[in-house]
Amino acid sequence: MTRHTHTPEECRRLLGQLNEYVDGDLADDLCDVLESHLAGCADCRVVLDSLTKTITLYRGLREMPVELPPDVEERLMQRLERDIHASDG
Amino acid sequence: MPGLHIDLSIYADEEALLVGLRRHEPDACTCLIKHFAPLVYARTLRLLGDPDEAEGALQTTFVNACAKLDSYAGRGGLGTWLYRIATNEALMQVRRTRPQVSLDAVAETLGPDDLPRQLQPWPADPAALALDHELTDQLEAALHTLPEGLRLVFVLRELQELSTEETATALGIGESAVKVRLHRARLKLRELLAEYLSAEEGT
């Protein structure tokens, strides 16, 4: 469903500014233009909303470990022991 | 999990662990690995995208960290210090093995491929739709489908919280290229997650 009051070219042009907008880096006057477009464009609102959620989901991974594949921990221990012995010797 | 079994509470805090490490106590080394290896590996794997390379960078990180323990000043915590070493190791690996890929093979402007195709509204709380680990697996899998030049920028900026300037310096590209690549990476990940979420919502 689309309720465009503008051209697809405008959506494409403003897409390039969404990044700075979600980071809070877009200049005030450009924010006004973008927000006025968003008010009349359901598609661009979806893109903005889902882009913001994508970023939030990924930031949730920051402190999340991944499961080590089998034997990775053991090989790491062996490597460290080897290095410690080499430096002691 | 087979392998090492130790009491992780053997050291009261990071300070005590550090003392143990400097005394070369075997339990201290095991504690360090138990706690930090999965976190360091997450970072090297997300940057490098290859399990073998990620393991190599993991090992080098801990070897270098142990060798530099005496000069570690304790500021910012052991984790921050290890993650910085790990990032440097992973980036050196990238430069060593495929410098041209990370630097050149990515368009520096938005193209037709970057235009949004998935235009269904997302659920208010996408994380509530799927089991935690399922969504996490999807996020990791989507990340690994990105071209390397986009993945490196995205991981450094979003997951490792480097600034635009720091990312540009780390990768040897301009700040405007970092911004465009970050935008392209975010848009591509949005498309991939939209496909997953719409499928989930339909089940």
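A compact table of results
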quantity: Theoretical gain in end-to-end length, A:Met64 to A:Val22 [0.36 nm per residue, Cα-Cα removed]; calculated: 12.8 nm
quantity: For B:Gly174, net neighbour charge (Lys/Arg +1, Asp/Glu -1) across residues whose Cβ lies under 11 Å away; calculated: -1
quantity: Relative contact order %, the stretch B:32-166, counting alpha carbon pairs below 8 Å whose residues are six or more apart; calculated: 29 percent
quantity: Ranked list, fewest to most other Cβ atoms within 10 Å of each Cβ, for B:Asp125, A:Asp23; calculated: B:Asp125, A:Asp23
quantity: Positive-end residue, the stretch A:18-63 charge dipole about Cα centroid, Cβ charges, pick of A:Asn19, A:Leu51, A:Gly40; calculated: A:Leu51
quantity: Qualifying aspartates and glutamates (Cα of each under 12 Å from Cα of B:Lys188; at least 8 residues distant if same chain); calculated: B:Asp113, B:Asp114
quantity: Inter-site label distance for B:Glu165 and B:Leu69 at 7 Å from Cα along Cβ, in nm; calculated: 3.6 nm
quantity: Simple spin-label estimate for B:Gln118 and B:Asp52 in nanometres, 7 Å along Cα-Cβ; calculated: 3.2 nm
quantity: Estimated Rh, the protein assembly as shown: Kirkwood, alpha-carbon pairs, angstrom; calculated: 21.0 Å
quantity: Peptide A:68-81, shielding by other chains (average Cβ, 10 Å cutoff); calculated: 6
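Where a number appears in this text, it was derived from the coordinates with a stated rule and is not lab data. If you're wondering where the values come from, they're calculated on a predicted model, not measured in any experiment. Note that each Cβ is placed from the backbone with ideal geometry, even for glycine, and that neighbours are counted across all protein chains shown.
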